[in-house]
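*Asks:* Quick one: structure below, then a few questions.
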Ligand SMILES: [Zn+2]
């Protein structure tokens, strides 16, 4: 039987947190796993000035990403070498190296090169909202979707390795119901963070679009250990830690995936498996 391979494609170190349970789950089943990171998160937070400076944050976050991947037993990590574009409306958007400004044909070419080399059957990226609208998240969603088609087309990028047809493309997101429950709880706590200003009826993924709801409770401890490797991004006033156990489980105990494109037919209710029908 051919080796199964799973590829996650994201914009910044720490974006992989949304599928870290799947990486652990399928890795244990013998699936070879890999992660693509378009940028090094150069304009992210610095939780503690002892860890990084604005000048070397990209290098530090690359090391954090590699350490997080090691906890997840992910042997392959690729960087596309673009620059973090920052949150929408910030001056970083205008940097000529910003990922959100990159030439689409060039980005797709870099992704096609990795796909044709690694030959995954299943790929995962953000959905069209990018989770919360970060311009790099939306860009990686768009380019990964294009690369799913381009990698399989031998007319495109003929200078790269032989065409490879990925069987399934999934978008990972939070279910709207879980985000709504979280928002309601935050209201009871008078939480005033950026999250509370988002419209709960537009947040996350409508529950009826979720094809795979993966129970990752057995992996919560390891997921947490991997997440903690992103030390520069750890919020010192960790609001999430105050969330009651029951809500935490609802929020973190499952990972949700929408089947965006498939060459092996649709997911059937009850299958609940990213690799269902993949040979
Ligand atoms: Zn991100």
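The values are calculated or read from the model by the stated rules, or taken from the named source; none is laboratory data. Note that the structure is a prediction, hence the values are computed from the model and not measured. Cβ placement follows ideal geometry from the backbone for every residue including glycine, while neighbour counts extend to all protein chains displayed.
*Asks:* Whether any residue in the stretch 58-81 is farther than 21 Å from residue 144 by Cβ and within 14 Å of the ligand (Cβ to nearest atom) is what I want to check.
*Replies:* yes
*Asks:* Given the criteria at pLDDT 95 or above, within 26 Å of residue 204 (Cα to Cα) and either in contact with a strand residue (DSSP E or B) (Cβ under 6 Å, 6 or more places away or on another chain) or within 16 Å of the ligand (Cβ to nearest atom) (or both), does residue 139 qualify?
*Replies:* Details: at pLDDT 95 or above: yes; within 26 Å of residue 204 (Cα to Cα): yes; either in contact with a strand residue (DSSP E or B) (Cβ under 6 Å, 6 or more places away or on another chain) or within 16 Å of the ligand (Cβ to nearest atom) (or both): yes.
Yes.
*Asks:* Filtering the stretch 1-14 down to residues that are within 16 Å of the ligand (Cβ to nearest atom) and outside any loop (DSSP other than H, G, I, E, B), which residue is surrounded by the most Cβ atoms within 10 Å (Cβ to Cβ)?
*Replies:* In this case the residue turns out to be 9.
*Asks:* Within the set of pairs 6 or more residues apart or between chains, which connect a residue that is free of Cβ contacts under 8 Å to residues at least 12 places away in the same chain inside the stretch 1-22 to a residue that is in a helix (DSSP H, G or I) and within 12 Å of the ligand (Cβ to nearest atom) with Cβ atoms less than 8 Å apart?
*Replies:* Between residues of the stretch 1-22 that are free of Cβ contacts under 8 Å to residues at least 12 places away in the same chain and residues that are in a helix (DSSP H, G or I) and within 12 Å of the ligand (Cβ to nearest atom), there is no close pair.
*Asks:* Cβ-Cβ below 6 Å, separation at least six or inter-chain, first residue in the stretch 33-57 and at positive phi, second surrounded by 24 or more Cβ atoms within 10 Å (Cβ to Cβ) and assigned to a loop (DSSP other than H, G, I, E, B): which pairs?
*Replies:* Every condition considered, the pairs that remain are 41/12; 41/13; 41/84.
*Asks:* Kindly provide the set of residues from the stretch 186-228 that are exposed (fewer than 13 other Cβ atoms within 10 Å of the Cβ), modelled with pLDDT under 90 and under 29 Å from residue 274 (Cβ atoms), ordered by number.
*Replies:* 201, 202
*Asks:* For residue 70, which of the numbered conditions (1) within 25 Å of residue 164 (Cβ to Cβ); (2) surrounded by fewer than 23 Cβ atoms within 10 Å (Cβ to Cβ) fails to hold?
*Replies:* Residue 70 satisfies all of (1) within 25 Å of residue 164 (Cβ to Cβ); (2) surrounded by fewer than 23 Cβ atoms within 10 Å (Cβ to Cβ) except (1).
*Asks:* Also: In the stretch 80-99, how many residues are farther than 19 Å from residue 231 by Cα, under 18 Å from the mean Cα position of the chain (by Cα) and surrounded by 18 or more Cβ atoms within 10 Å (Cβ to Cβ)? Walk me through it before giving the result.
*Replies:* Just the residues of the stretch 80-99 that are farther than 19 Å from residue 231 by Cα, to begin with: 80-83, 85, 87-99.
This time we only want the ones that are under 18 Å from the mean Cα position of the chain (by Cα), so: 80-83, 85, 87, 99.
Narrowing the set further to residues that are surrounded by 18 or more Cβ atoms within 10 Å (Cβ to Cβ) leaves 80, 82-83, 85, 99.
Residues flagged as farther than 19 Å from residue 231 by Cα, under 18 Å from the mean Cα position of the chain (by Cα) and surrounded by 18 or more Cβ atoms within 10 Å (Cβ to Cβ) within the stretch 80-99 amount to 5.
*Asks:* Filtering the stretch 15-27 down to residues that are within 16 Å of the ligand (Cβ to nearest atom) and buried (at least 24 other Cβ atoms within 10 Å of the Cβ), which residue is farthest from residue 138 (Cα to Cα)?
*Replies:* Of all residues in the stretch 15-27, those within 16 Å of the ligand (Cβ to nearest atom) come to 15-20.
Okay, now just the ones that are also buried (at least 24 other Cβ atoms within 10 Å of the Cβ), so 15-16, 19-20.
Numbers: 15: 12, 16: 15, 19: 17, 20: 20 Å.
Within the stretch 15-27, the match that is farthest from residue 138 (Cα to Cα) is 20.
*Asks:* Search the stretch 33-44 for residues being under 19 Å from residue 66 (Cβ atoms) and assigned to a loop (DSSP other than H, G, I, E, B), and hand back the single one that is modelled with the lowest pLDDT.
*Replies:* Of the residues in the stretch 33-44, the ones under 19 Å from residue 66 (Cβ atoms) are 33-42, 44.
Narrowing further to those that are assigned to a loop (DSSP other than H, G, I, E, B): 40-42, 44.
Working: 40: 98, 41: 97, 42: 97, 44: 94.
Looking at the filtered set, the residue picked out is 44.
*Asks:* What single numbered condition from (1) in a helix (DSSP H, G or I); (2) away from the ligand (no atom under 16 Å from the Cβ) fails to hold for residue 154?
*Replies:* (1) is the only condition that residue 154 fails.
*Asks:* Within 25 Å of residue 133 (Cβ to Cβ), more than 16 Å from the ligand (Cβ to nearest atom) and outside any strand (DSSP E or B), is that true of residue 30? Before you say what the answer is, go through the steps one by one.
*Replies:* Numbers: within 25 Å of residue 133 (Cβ to Cβ): no; more than 16 Å from the ligand (Cβ to nearest atom): yes; outside any strand (DSSP E or B): yes.
No, not satisfied.
*Asks:* Still on this structure: Return yes or no: is residue 231 surrounded by 15 or more Cβ atoms within 10 Å (Cβ to Cβ) and modelled with pLDDT of 95 or more?
*Replies:* Numbers: surrounded by 15 or more Cβ atoms within 10 Å (Cβ to Cβ): yes; modelled with pLDDT of 95 or more: yes.
Here the answer is yes, as residue 231 does meet what is asked.
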